[in-house]
Amino acid sequence: MQAAERCLRPQHSQHSAWVSRSCRDQQHRSCLLDKQTRQLRLQCTARNSVSPFQSSSKDVPARSNKAVQQQQQAQELQPGSSSWQQGFSRHKWQWRDSSINYVTAGCGKPVLLVHGFGASAGHYRRTIPHLAQNGFKVYAIDLVGFGASDKPAQQYTIELWAELLVDFMAEFMPETPAVLVGNSIGSLSCLTAAAAAPEGQLAGLVLLNCAGAMNNKGVINDWRIVLALPLLLLIDLLLRTPPIARALFDALAQPETISKVLGGIYVDKAAVDAELVDIILAPAFTPNALDVFVSVITGRPCWPQALGSHPQGQLPAACGLGRHGPLHTH
């Protein structure tokens, strides 16, 4: 039992330790203190980050009462507080100037799960226990800019997230090669991280629904995207106008809209439950969430790095795309 608890404990001494059931009261007090500290940090980030999208009575019209009420309701969700985390260990890690959220579970060979655009570690809420029960030490990370991780006002790129993943593996699994698993732009980040990682740091690579670029402007081999390129450029221009970007973002950040979008992606409609909608929606109401949205949509495409000339080029890899999914071309 002691060996199992040691295995479940993160390797870095400065991170939250795995708390046994007998210490639930202490864990609850710690979580409350962490929440208060987290809220203070977010307030400081909001004050110190230069964001053109922050609301101001001088340059942005006041929102309707309905919009304000909807935002207040969504703020109560608090990213990272959903019940899906029960049984997992939640941690914070300081990377550069940002606090990074991640969860762990299980014991064994390390696996690092990386979410896609607009998602977080909670997207793997059903994958984590399955892997943990089958002999893996699972790490699921919120990339900087997403989930319960910090969202500094900066330019977001695939290379930035790849650097985060390489540093994370060096910090928490320096002696045991890990398997990187990514979805959508998370797959692209994993692929780029694999190209930059030192030899021997990775044991394998799994790409699920891998994106061809960070945004649609990079998908140049699809005639539909080529025809729509003028429209995409117009959208970029509109999103760089703060009032328009705010209005569009607020319209998207609604439970009904999120549910409808997810319903068009998931073949198994039962998987689109209230918990999943909350996981996607809650981070939208944290400081600088709009900046991240605009940066990703309007940023450069960030094509993947080639693995051929790198030692990791011989890395075992698997790619998956749902046969009945909406992105399948057959």
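The values are calculated or read from the model by the stated rules, or taken from the named source; none is laboratory data. Source: prediction; values computed, not measured. Don't worry about glycine lacking a Cβ; one is built from the backbone with ideal geometry, like all the others, and counts go over all protein chains shown. Accessible surface is based on the protein model in full, side chains and every heavy atom, while ligands, DNA and RNA are left aside. Shrake-Rupley method; radii C 1.70, N 1.55, O 1.52, S 1.80 Å.
Points worth noting:
- Selection of the stretch 134-181 for residues being of a type in the set (S, T, N, Q) and closer than 13 Å to VAL111 by Cα yields ASN134, THR176.
- Of the residues making up the stretch 129-145, just one is on the phi > 0 side of the Ramachandran plot and either open to solvent by 10 Å² or more (accessible area, probe 1.4 Å) or in a helix (DSSP H, G or I) (or both), namely GLY135.
- The number of residues in the stretch 182-195 being open to solvent by 10 Å² or more (accessible area, probe 1.4 Å) and not in a helix (DSSP H, G or I) comes to 2.
For every residue, the table says whether it meets (1) under 22 Å from GLY145 (Cα atoms); (2) hydrophobic (A, V, I, L, M, F, W, C); (3) in contact (Cβ under 8 Å) with a residue 12 or more places away in the chain.
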| site | (1), (2), (3) |
| --- | --- |
| ALA211 | yes, yes, yes |
| PRO243 | yes, no, yes |
| ARG246 | yes, no, yes |
| SER259 | yes, no, yes |
| LYS269 | no, no, no |
| ILE280 | yes, yes, yes |
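- For the stretch 164-181, a residue qualifies if it is closer than 21 Å to ASN209 by Cα and open to solvent by 50 Å² or more (accessible area, probe 1.4 Å), but none of them does.
- Among (1) open to solvent by 40 Å² or more (accessible area, probe 1.4 Å); (2) assigned to a helix (DSSP H, G or I); (3) farther than 25 Å from ARG240 by Cα, the one test that GLU159 misses: (3)
- Evaluation of ASP291 against (1) open to solvent by less than 40 Å² (accessible area, probe 1.4 Å); (2) in a loop (DSSP other than H, G, I, E, B) (one fails), failing number: (2)
- Only residues that are under 13 Å from PHE168 (Cβ atoms) and of a type outside the set (Phe, Trp, Tyr) were counted in the stretch 124-151, giving 6.
- Scope the stretch 93-123; condition part of a strand (DSSP E or B) and surrounded by fewer than 20 Cβ atoms within 10 Å (Cβ to Cβ); matching residues: GLN94, TRP95, SER98, SER99, LYS109
- Candidate set: the stretch 71-87, residues that are under 17 Å from the mean Cα position of the chain (by Cα) and either surrounded by fewer than 16 Cβ atoms within 10 Å (Cβ to Cβ) or under 17 Å from HIS115 (Cα atoms) (or both); chosen: the one modelled with the lowest pLDDT: GLY80
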